[in-house]
Amino acid sequence: MVRKELSPIDVYRFLPKTNCGQCGEQNCLAFATKVVTSEARLEKCAPLLTKEHERARRQLEKMLRPAVKEVVVGVGLHAVKIGGKFVMYRHEFTYTNPTAIAIDVTDEMPEGELVDRLKKVEGFNFEFIGHPLKLDMIAVRSITNEPEKFQATAKKVVENTNLPIILCSFNPQVIKAGLAVAAKSKPLLYAATKDNWKEMAELALRHRCPLGVFAPNDLKLLRSLAETVLEYGIEDLVLDPGTFSAEGLAGTLSNFTTIRRSACKSGDEFFGFPLMGVPMIAWTQKNGVHEDVARWKEAYLAALLIVRFADIIVMHNINGWALLPLVILRQNIYTDPRKPMAVQAGLKAFGKPDDNSPVMFTTNFALTYYTVASDLESAKINAYLIVVDTGGIAVDSSVAGRRLTAEKVANALKASGIENMVKHRRLIIPGKAARLALEIEELSGWQVLVGPKDSSGIPKLLQEKWLTQA
Amino acid sequence: MKTKPAKLVEADFAPPAPTYPTKIVEVKLGATKNEGGTRGKSIVIGGETVPAFYGFGGPAPHPPVIALDVFDMKVSLPRAVKMHVKEVLEDPAAWAKLAVEKFEADLVTIHLVSTDPLIKDTSPKEAVKTIEQVAQAVKVPLIIGGCGDPKKDMDVFEAIAEAFAGERFLISSITRDMDVERCGRFIKRFGHVALSFTPMNMNLARDLNRRLYEFLPREDIVMDLTTAALGYGLDYAFSNMERARLAALAGDLELAHPMSSGTTNAWAAREAWMEMAPEWEPRELRGPLWELTTALALLLTGVDLFMMMHPAAVKALKDVIEQMAHGQPDEVDKIANWVCAKI
């Protein structure tokens, strides 16, 4: 909350002011500007890390501290950062560290199944407008409550994946056995409860691991536990107020919201930690229903938790149809709302277009543009694309909202200079702008060919209509 | 060196109880015989005094409701949707009946696509006939959807408003490039409700509502701030709605209207309907989950009225809304040992 009111000057005051450029910026003020907007991290300032600037560094760290502490699980390249939130609402600043999705394995799984599952989790990937969307963690659950079995499973997990791990058991002996083989990978220990907190805190302290704290639907107890283990010397916590499905859904979201609100709006130090949700709960109440129904329920519980402040979620399903909407939702919620949704309008050439190449237009909504661009590129099409300024709104919405009109298209066509670049006068328009076809013809003098409603159909259209009617 | 605590440190916690000065206006959709219409029941939306599902405010006075889409002519639909309505594609009255009786729609939206001058240019008189058939077939409140041509929509809306005076139909929608005075006047005169539609911009929404206030009481206006699909701008739609609702509760009266979402737009995302590599199939499940996920994100911003398409997405959203009306979780035991659950 304090953070978003910081100005670059507030940060600049504490920087070395040497303009050394080691951070990659022109000068210290430029660096300060990026630090304030979270585009650059303090650690990039090498002089600041020296003894001489220690006091200034501490001061800056305090100033820049997020309302929700950033906690790291795992080591090296695959470590995940969770929490680190500055604000309650994404429009106030931006959300940092997308919700980590953990998939469960158990100490009852046969080895083959376990290894296969780990492979699938690691291999999950969806390329979405240039971003790889992936799964992040493995939650190892002790079903048997037997330390040896849990240890054997944890060992196999560590041997077969680099993904960060959550060791899950309420029995400290079981967690201890897991740590004996997995401590090096800095797992999240789940969880300290009102009954076991001392043993769990001792383990977390000894192995320097972050510690989960669990108090189902009891915020007072959760806060007491958090304060207690902080007093104990633990620095990195993850809070789990319990995930309930069905009749408990409202209470669950209310608890998550209350905790995050206390952290962001009241600066509550005990609630200023990442939150963990467990959509997997949907599977425990399935009462013999079809697995797809459990997947579906787990997915919608996860969607609600991703929006309402969960920093880690534990899931059971690994089927793509149910996970895809979730990883896209996560991507959407965690994009930076300060970035414009528009790309630059104007003429773009794809491949090596000549004076016979097709001419088409789309809007300057970033997602629309990138979708069309990637379809043209992957089909290796030579064409001109005119990007019309609709204020960053997609085709259908901008037609409905009159941000995309025949007049705008005709003007953009004229301004692009395309008339001097091609011999023909035929314009392919998006199928969702079909209603503008006649008017565009009248205003521009170009012949209009109505394209597909989805740009994936462009290659087919070109094959069937562009050549034959030329 | 700290001394490690030997027993649980009892921390206090008083849940926050912030108060918001403004209440979202309550809008009644549909009118029963006693209320001057012919609907079996009317539905009130709005009335919130805290952001959506903030437990400390208690459940919302009126849970969100769902309208299903019906089209007045055969249109192309995603396969996952079409399989549920293929028998009624050319019969709006039968389609509406199916939506209400089988899919439990709270309201029905009739999209008068055929009135589009570029499609069939059906006359306002014929549109009135279509609505007549639908109004006979179902007793739920109706939403009248235009074709998107501002001039034609005004003529069609006016004819329908007059023919069904007193029904409190939701006229979907009034846009900035229409003759707002004319629309405001016929909606007021014939007793209907305006859906004020703006393209994802709070200032434009305020502006259009302000223009409507000259002719309509606030209780006759619902607003649509534009819904973009999951993956295709949902982030902007989400934050626009979240900001609008927070601003409204904080005292911005021009935004303190119930919100409607054209959630059907979720199907504009190709990942909702397209056949993909086997690991993402079947699309018959992926598609409705796409629509549901879009709806859930917006549910949390405070949307009061969802216009939707797929029966499974509608059913699941209804379940969630129903579950959200409950208070605190009662059985802690159910999840206390989730770690050991056998699946």
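Results, tabulated for the structure shown:
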| read-out | value |
| --- | --- |
| Fewest-first ranking of A:TRP446, B:TRP267, using other Cβ atoms within 10 Å as the exposure measure | A:TRP446, B:TRP267 |
| Sorted by Cβ neighbour density within 10 Å, fewest at the top, the residues A:VAL80, B:VAL128 | B:VAL128, A:VAL80 |
| Over 30 Å (Cα to Cα) - which of A:LYS44/B:LYS4; A:LYS62/A:LYS155; B:LYS86/B:LYS315; A:LYS297/B:LYS129 fall in this group | A:LYS44/B:LYS4; A:LYS62/A:LYS155; A:LYS297/B:LYS129 |
| Among A:LEU304, A:GLY392, A:THR363 the positive-end extreme of the charge dipole of the range A:290-401 (Cβ point charges) | A:LEU304 |
| Cβ crowding within 10 Å averaged over residues, with A:449-457, A:328-336, A:240-248 ranked highest first | A:240-248, A:328-336, A:449-457 |
| Ordering of A:257-268, A:110-121 by packing [mean C-beta count within 10 Å, highest first] | A:257-268, A:110-121 |
| Relative contact order of the range A:346-469, defined on C-alpha pairs under 8 angstrom at six or more residues apart (%) | 27 percent |
| MRE, 222 nm, helices only [DSSP H, n ≥ 4, -39500 (n - 2.57), over chain A, to nearest 500] | -11500 deg cm²/dmol |
| Rounded tilt (10° steps) of B:234-249 against the dominant C-alpha axis of chain B | 80 degrees |
| Spacing of the two label points (7 Å from each Cα toward its C-beta) at A:SER266 and A:ASN27, in nm | 4.5 nm |
| Cross-link reach list, lysines versus A:LYS156, counting only Cα pairs under 22 Å and skipping chain neighbours closer than eight places | A:LYS119, A:LYS120, A:LYS134, A:LYS176, A:LYS184, A:LYS186, B:LYS342 |
| Mean-position separation - Cα centroids, the range A:220-296 and the range B:18-42, in angstrom | 36 Å |
| Residue pairs, from the table B:LYS97/B:LYS139; A:LYS17/A:LYS339; B:LYS82/B:LYS102; A:LYS69/A:LYS265; A:LYS352/A:LYS453, whose Cα atoms sit over 20 Å apart | A:LYS17/A:LYS339; A:LYS352/A:LYS453 |
| Helix axis angle, B:202-213 relative to chain B longest principal axis, alpha carbon, degrees | 50 degrees |
| Average partner coverage of B:25-32, which counts Cβ from other chains inside 10 Å | 0 |
| On Cα atoms only, tilt of B:180-189 relative to the major axis of chain B in degrees | 90 degrees |
| Rough spin-label spacing in nm, given labels placed 7 Å along Cα→Cβ, for A:CYS20 and B:GLU26 | 6.7 nm |
| FRET efficiency, 1/(1 + (r/R0)^6) with R0 35 Å, evaluated for B:ASP333 and A:ALA180 via beta carbons | 0.65 |
| Mean Cβ neighbour count within 10 Å, used as a protection proxy, ranking B:181-187, A:278-284 highest first | A:278-284, B:181-187 |
| The range A:28-46 and the range A:349-392: distance between their alpha carbon centers, rounded to Å | 36 Å |
| FRET efficiency for A:GLU148 and A:SER374, using Cβ-Cβ distance with R0 set to 51 Å, rounded to 0.05 | 0.50 |
| Cross-link reach list, aspartates and glutamates versus B:LYS74, counting only Cα pairs under 18 Å and skipping chain neighbours closer than eight places | B:GLU87, B:GLU90, B:ASP91, B:ASP116, B:ASP121, B:GLU126 |
| Separation between Cα centres of the range A:64-137 and the range B:278-342, rounded to whole Å | 22 Å |
| For the range B:50-61, 3J(HN,Hα) per residue [Karplus equation, 6.51 cos²θ - 1.76 cosθ + 1.60, θ = phi - 60°, Hz, x = Gly/Pro] | 9, x, 4, 6, 8, x, 5, x, x, x, 5, x |
| Test item: B:197-204 mean partner chain Cβ contacts at 10 Å | 3 |
| Length released on extending from A:LYS460 to A:ASN125, taking residue separation times 0.36 nm less the Cα-Cα span | 117.8 nm |
| Calculated [θ] (222 nm, deg cm²/dmol) that DSSP helices of n ≥ 4 give over chain B, each run adding -39,500 (n - 2.57) | -11000 deg cm²/dmol |
| Normalised contact order of chain A, rounded percent, pairs of Cα under 8 Å and 6 or more residues apart | 11 percent |
| Simple spin-label estimate for B:LYS129 and B:ILE343 in nanometres, 7 Å along Cα-Cβ | 5.6 nm |
| Under 5 Å, built H, 5+ apart or other chain: amide partners of A:ALA192 | A:GLY212, A:VAL213, A:PHE214 |
| Estimated FRET transfer efficiency when R0 is 56 angstrom, pair B:GLU10-B:ARG218 (beta carbons, to 0.05) | 0.70 |
| Test item: B:7-20 mean partner chain Cβ contacts at 10 Å | 6 |
| The range A:346-469 shape via C-alpha gyration tensor axes, a/c threshold 1.5 | rounded |
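Taken together, the values in this text are just the output of simple stated rules run on the coordinates, not laboratory data. Fair warning: this is a prediction, and the values are worked out from it, not measured in the lab. All Cβ positions, even for glycine, are placed from backbone atoms using ideal geometry, and neighbour counts span all protein chains on display.
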